[in-house]
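One structure below.
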Amino acid sequence: MPHFQIDYSGNLEESVDMSAFCQHIRAAAAQIDTFPMPGIRVRAVKVDHYAIADGQAKHAFIDISIRLRGGRPDDVKKDATQRIFEAARTFLTPVMQTNSLALSVEMRDIDPDLSPKTGTIREHLGHNKTETSS
């Protein structure tokens, strides 16, 4: 864990490089101690059907949902959420200067007893277990 689910309105396809945005969020998350690097997952899903504000097609949104295995103190989660929000806002500043865009971030705890996990990513990372690139 953590999992970053980015939902975004389809009208952003022309103005936001979502692949670069995912990499930007991943790199920011890897710099936050509470997010173990081998567990980071960032994915973006384009939403084709949506209605925003007054219904005009010019409005857009990006909503980032962070799911994190429970057990961390509230102040640690608040700091991590704010740091991800700031990373997203920094990346999106050029777009927000010319487009109507709503950005939101929310973190939710996952109950570890109700969310079994397995995987081999750690084994395939090799000897370098730290973040080395952005």
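Would you check if there is a residue in the range 63-70 being among the small types (Gly, Ala, Ser), in a helix (DSSP H, G or I) and under 13 Å from the mean Cα position of the chain (by Cα)?
No - not one qualifying residue is present in the range 63-70.
If I ask for residues that are surrounded by fewer than 17 Cβ atoms within 10 Å (Cβ to Cβ), more than 10 Å from the chain's Cα centre (by Cα) and not acidic (Asp, Glu), which ones from the range 15-26 would you list? So that I can check it myself, show each step before the final result.
Here is the first cut: in the range 15-26, the ones surrounded by fewer than 17 Cβ atoms within 10 Å (Cβ to Cβ) are 15, 17-20, 22-23.
Narrowing further to those that are more than 10 Å from the chain's Cα centre (by Cα): 15, 17-20.
Within the range 15-26, Ser15, Met18, Ser19, Ala20 qualify.
Anything in the range 39-62 that is touching a strand residue (DSSP E or B) at 6+ places or on another chain (Cβ under 7 Å) and either within 18 Å of Ile110 (Cβ to Cβ) or part of a loop (DSSP other than H, G, I, E, B) (or both)? List them, or say none.
Step one: list which residues in the range 39-62 are touching a strand residue (DSSP E or B) at 6+ places or on another chain (Cβ under 7 Å), which gives 41-47, 50, 52-53, 58-62.
Passing the criteria: Arg41, Val42, Arg43, Tyr50, Ile52, Ala53, Lys58.
Does any residue in the range 10-38 that is over 19 Å from Val105 (Cβ atoms) come within less than 8 Å, Cβ to Cβ, of a residue that is basic (Lys, Arg) six or more places away or on a different chain, and which pairs are these?
Gly10/Lys46; Asn11/Lys58; Glu13/Lys46; Met37/Lys129; Pro38/Arg122; Pro38/Lys129
Determine the pairs where a residue that is of a type in the set (Asp, Glu), located within the range 93-112, has a partner that is assigned to a loop (DSSP other than H, G, I, E, B) with Cβ atoms under 9 Å apart, the partner being 6 or more residues away or on another chain.
Taking only residues 6 or more apart or on different chains, the pairs are Asp109/Gly70; Asp109/Gly71; Asp109/Arg72; Asp111/Gly70.
Name the residue, out of Arg83, Arg108, Arg89, that is surrounded by 14 or more Cβ atoms within 10 Å (Cβ to Cβ), under 21 Å from Ile32 (Cα atoms) and within 20 Å of the chain's Cα centre (by Cα).
Arg83
All of the numbers you see were taken from the coordinates with simple rules; none came from a lab. Predicted, not measured: the structure shown is a model, and the values here were computed from it. Note that each Cβ is placed from the backbone with ideal geometry, even for glycine, and that neighbours are counted across all protein chains shown.
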